1. In Å, the Kirkwood hydrodynamic radius of region C:359-502 over pairs of distinct alpha carbons?
2. Neighbouring Cβ atoms within 10 Å as the yardstick, rank C:211, A:67 fewest first.
3. For the residue pair residue A:67 and residue B:18, what label-to-label distance in nm results when each label sits 7 Å from Cα along the Cα-to-beta-carbon direction?
4. Divide the volume of the convex hull of the Cα atoms of chain C by its number of residues and quote the answer in cubic angstrom per residue.
5. May I ask for the percentage of alpha-carbon pairs in region C:124-171 that lie more than 18 Å from each other?
6. Sorted from largest down, what three extents in whole angstroms do the Cα atoms of region C:321-380 have along their principal axes?
7. Rounded to the nearest 5, what is the percent of antiparallel bridges among the DSSP beta bridges in the protein assembly as shown?
8. Partner chain Cβ atoms within 10 Å, averaged over the residues of C:27-40 - can you pull that number for me?
């Protein structure tokens, strides 16, 4: 997660997702932002906190097989730059979404629950907790 | 050829390629239409 | 490019090593490609799961579902959804010696590489840019062949016992005496398998309470040997002396974790040439650090022995250093001698200790005599003990071919990794689809190449890895360069932003 260009690729893919949703005529702006936020958090939760192990054989005799992707980043070291980046990006998206949905209560509730679902597993005290 | 290589649809099976191109063309058309309307 | 300015005291020759950074656009597009393949991978897994599509790969039967999974489903995700699509570029069957040219069996697949069928046609004289055959001794004609035939009829092919019992032949002792002379060390020991030489001897050298400082790109055999030893392993960045010194300093200052007792031994594991990077270890600096911190040095010369140095003595001679400074000299006979097996050289007491304590000497059958003969003949040829200068010419030829090949590729605009003098030449491809396309396009042009992708390399550093050989004539190299140039234009692989100043 700290190889060259992956943060830029991540930002671009979120931007492309948003543009695609914007292009759907029947969606209003608040709905598009809430969808962007929710889809982004769902994909992030699936890839970082649901999938365990590695998609290829590793020579570590299966040590990482029970760890989620998030727990494997930087060999489990906490508060590295990749972890900080991946923790901050959902928050930034959440602020943007809240602003563009004009703090509408329904949207606010959905987005807050969605944000917490990807923030809580990232806390160091939840490392390895099932 | 570059488009096939960069998007990796070069290694997809024919039916996957059709699906991929259909989705891509649809999305691009939608985005262009929306951009046109917006501008 | 990290152009290393060699500090006068240590280096007696220019040390030019370049790792041009991946262009940002290429890196982002590479992730796009992996993203598309991952999405389709999930789609295919979904279809297999709901029996919409026939499942080709191995899975447990219904009755076995409740047991521990035999086939780690997710761990093979990459293999079945990405690697399968381009695996026709790997494990190609050849039907000749892996010399400068090779005959290849043609095969086709009617189910997108899940199964292959032979057409019966042999693709003749494919230019071989992939095999490890640095000095061109991989051949079934010439001086080696007669000698081996005689030894084969005299000794037979197999030695059905270990070195500690009746598997200790006069040929083995002759070989070990020659290897010791070739390396310039007191004694040497030969083993039947290069991989096992590392994985079985490192556990005999270090154990609990010892520290191993290993380069992050070390070969799997070094990694396995370090793990089997039970010693504490710390990784330093590839060929990065600051990182190594920091680990050494921490090890000396802090000692073992918790108890802070001093480490019993500190062993530095490095390779002479890194076969995926094409880089050469910065041996003068490593030796300077080892002396400064009183640690031991284990040098794996699998690719550099025979291929580097004016007389092929490897990376120690290449830098003009003293073999005494390297505590354990390890290497293999596979790449430069057209044979198989490995050796360990060093002080006599070290070798005597390994003779009694190494797993390989106690349990492994010894080197096969014809293979021993191949090594003897080729090594004497390199040393000039056969009365000819053929061996030395091969070493010179390899050095020239290497520099010529690297320079031409850089002039064309490709990103080439590694040291200018390394016969391993990685050409960067980056995107996953270009890995398969490159291998296929080159075979269409009758050139066999080796391509390498994730996870054997970092995800955005897929590459084609050429191995130059002394057996490659200038015509062969020029033909290969012409085709590489053509395929490079077709696939748009000329990413380099640096132009060679003529």
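Nothing in this text is a laboratory measurement; each read-out follows from the coordinates by a stated rule. Being a predicted model, the structure only gives us computed values, none of them experimental. Every residue, glycine among them, receives a Cβ derived from its backbone with ideal geometry; neighbour counts consider all protein chains shown.
1. 17.3
2. The fewest-first ordering by Cβ neighbours comes to A:67, C:211.
3. Taking the two extended label points, one gets 4.4 nm.
4. 189
5. 54
6. That gives 34, 29, 16 Å along the principal axes, largest extent first.
7. Beta bridges within the protein assembly as shown, antiparallel portion: roughly 65 percent.
8. Shielding by partners across C:27-40 averages 6.
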